[in-house]
Amino acid sequence: MKYLSKDISLRLDAGRCSGCKMCVMVCPHGVFAVENTKAHIADREACIECGACALNCATGAITVASGVGCAETIINGLLTGKETCCGGDACCCPPQA
Amino acid sequence: MRSDHQATALEPCGHVTAEWTIRNWLGALGVRLNLRRMHYRVTPGLYALGKPGPDAPVFVSANYKLSFDHLRQALVGLDGWILVLDTQGVNVWCAAGKGTFGTAELIGKIRECRLLERVTHRRLIVPQLGASGIAAHEVRKQSGFAVIYGPVYAANLPAFLQAKLHATPAMRRVHFRWYERLVVAPVEIALYRRELFLGGLALAILACLPTAGASWAMLGQRSGTVFLLWLVTSGLAIFLGPLLLPWLPTRAFSIKGASLGLALALCSLGLLGPDWTRLRSAAWVLLLSTAASYLLLNFTGSTTFTSPSGVRREVRLALPVQIVAGVVGLTAWTAAGFLPTW
C-alpha cells in the first residue's frame, strides 16, 4: 500500500554517499538501493519520512523533513500551533516490534 | 519477573524468562483493547535473560511492556542481555519518532548499567524500527558500542541470530496485513467513543423535531432507531475501514472512508428501510460518509505507510470539506422534520 507521495521531502546527494548501505538497512519500505557503491532512491513513493536513513547517514548525504504520518498530530498542529501526538492513554501509534 | 531493582553495583535490574505466562497473554489482550495501555510498563535498565555471560548478545528494547514481552518471547532458549530504554511506556517505533528511543537515552543507559564492564564484546542489537531515533555512528563514537540493526519484527530474531546477525531484505520490511490492521482498529473506538456516542444522541434528538403532534412512543421509536443505526454503522466503519483499506478507492484515507460511509449508509437505508423522507435519507448518507471519512483520516496515525507530508496535504484538503459536509448534513437532518414532503 502506498500513500500520497507528491510532497515527499526525501533528498539524496549521491556525491556525498560513501556506499555504506546503512540507508538500505534501516529503511522499512525498501526506498533505497545501492549499486556500484552509490545509493540511489529506488522507490520514492514508498517513503514515509520516518527519518531513519538521514539520521543514520554518517556522511550527511540524505536529508528529509521527518515526522509522524498521523492526522491527529497534524490537526492538533493546526488547532494549537504545536504538532503534538496524543501520547496519553489513547495513543494511536501501532504497538509493534 | 522481578522488575523492582534495588540494584547493587553489577546486579541486573531483573532476571526474566522467555516464555510467556498467562499473565503476559492477558496483559497483551488488555493493551490491545486499550485498557490502561500507557501503564503497561517495564522498569528501564538491564535485564538478564536466562544465564548470560560476558559474551552474550545485548538486545535493546523500549519500556512498553508489549515491546519487551515480544522480544523475550522471540528469544526462547537463549541467554542474553536486554537493555530497556526509558521510552515512557511507548513502543519502539513511536518512541523513536518522538526521540525518546534515542541516541542520548541509549548512551545514557549504556553508562548507567555499566555495560562496558558486563560484556566483553562491543555490539548492540537494536530493533530496526528504532533507527528513526538512533544515529548508529554517534552511538559508536560516544560509547564504543556498534549498533547492529536487527529485523523489524522480533519474531525473526532467531533467524537473524542464526545468520550471524544478517537480516534478509524481507526481514527489513514493515508490513500491514489484515490482522495487523484489525488489531489497531479498536484504538479509534478509544479515541472517539465519546464523540460517536454524543453524535448519535444529537442525531436521535434532532430526528424528533418538531415534537408537535407526536406521541411519546413514536418519538422513542424514532430516536431509538436513529441512535442504534448510528452506533452500528459508525462502529462497522471503524472495523471495516482498516480491514478493507487496500481495496477502498484512491490513496487518500478521507476518500476511502467517505466511500465506505456511503456504502454503509446506502446499505442501512436499503436493508432496514426506515420510513424516512428523501431529505432525511440524503442527510443520513452525507453525515455517515463524513463521519467515516474523518474516522479513517485519523487512522493514518495507526498505519505503517503514511508520511507526514502526505497527511499534511490530505488534512488541508479534506478537513474543510468534512466540516462543510458535517454542517450541511446536520442542517438537512434537522430541516427534514420540518419539511415532511421533501
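Residues B:Thr331, B:Thr43, ordered by accessible area of protein heavy atoms at a 1.4 angstrom probe radius and largest first, appear as B:Thr331, B:Thr43.
When each of the peptides B:225-231, B:297-303 is scored by how many other beta carbons lie within 10 Å of its residues on average, the order from highest to lowest is B:297-303, B:225-231. Near A:Leu10: Cβ cut-off under 12 Å, other residues only, Lys/Arg at +1 and Asp/Glu at -1. The net charge is -3. Two tests apply to each whole DSSP H helix in chain B, Cα reach of 18 Å or more along its axis and mean Kyte-Doolittle hydropathy of at least 0.5, and the ones passing both are B:186-206, B:216-243, B:253-272, B:278-298, B:308-338.
Debye-formula intensities of the stretch B:67-215, expressed as log10 I(q)/I(0) at q = 0.11, 0.15 Å⁻¹, are -0.55, -0.86 (one equal scatterer per alpha-carbon, no solvent). Pairs over the 21 Å Cα-Cα cut-off, from the set A:Lys2/A:Lys38; A:Lys21/B:Lys164; B:Lys109/B:Lys141; A:Lys21/B:Lys141; A:Lys2/B:Lys164; A:Lys38/B:Lys164: A:Lys2/A:Lys38; A:Lys2/B:Lys164; A:Lys38/B:Lys164.
Shielding of B:296-303 by partners, i.e. mean partner chain Cβ atoms within 10 Å per residue? Don't skip to the answer; put the middle values down first.
Working: counts 1, 4, 5, 4, 9, 13, 7, 7.
Neighbouring Cβ atoms belonging to other protein chains average 6 per residue here.
Entry note: the stretch A:11-80 has Rg to Rh equal to 1.07, where both radii use alpha-carbon atoms and Rh is the Kirkwood radius. The candidates B:Cys267, A:Cys57, arranged from most to least accessible area with a 1.4 Å probe in the full protein assembly, appear as B:Cys267, A:Cys57. For the pair the stretch B:49-63 and the stretch B:66-131, the centres of their Cα atoms are 9 angstrom apart. Net charge of the neighbourhood of A:Val24, taken over other residues with C-beta under 15 Å away and scored Lys/Arg +1, Asp/Glu -1, is +3. Roughly how many Å is it from the Cα centre of the stretch B:156-186 to that of the stretch B:222-295, as a whole number? The stretch B:156-186 and the stretch B:222-295 have Cα centres spaced 34 Å from each other. The heavy atoms of B:Lys98 offer some 90 square angstrom of accessible surface to a 1.4 angstrom probe. Counts of other chain beta carbons within 10 angstrom of each beta carbon in peptide B:184-193 average 3. Solvent-accessible area of B:Thr21, all protein chains in place: 70 Å² (probe radius 1.4 Å, heavy atoms, ligands and nucleic acids excluded). Ordering B:115-121, A:17-23, A:61-67 by mean Cβ neighbour count within 10 Å, with the highest value first, yields A:61-67, A:17-23, B:115-121. Choose one of B:Gln221, A:Leu10, B:Thr304: the residue whose Cα lies farthest towards the positive end of the charge dipole of the protein assembly as shown (beta-carbon charges +1 Lys, Arg; -1 Asp, Glu; about the Cα centre). Checked the options; the winner is A:Leu10.
Quick check for me: using +1 on Lys/Arg Cβ and -1 on Asp/Glu Cβ, what's the dipole size of the protein assembly as shown about its Cα centre, in debye to the nearest 20? Intermediate results must be reported in sequence, preceding the final value.
Values: 41 positive and 25 negative charges, 76 e Å.
Approximately 360 debye in magnitude.
The values are calculated or read from the model by the stated rules, or taken from the named source; none is laboratory data. Keep in mind that what you see is a predicted model, and the values were worked out from it rather than measured. Note: ideal-geometry Cβ built from the backbone for every residue, glycine included; neighbour counts use all protein chains shown. Accessible surface is based on the protein model in full, side chains and every heavy atom, while ligands, DNA and RNA are left aside. Shrake-Rupley method; radii C 1.70, N 1.55, O 1.52, S 1.80 Å.
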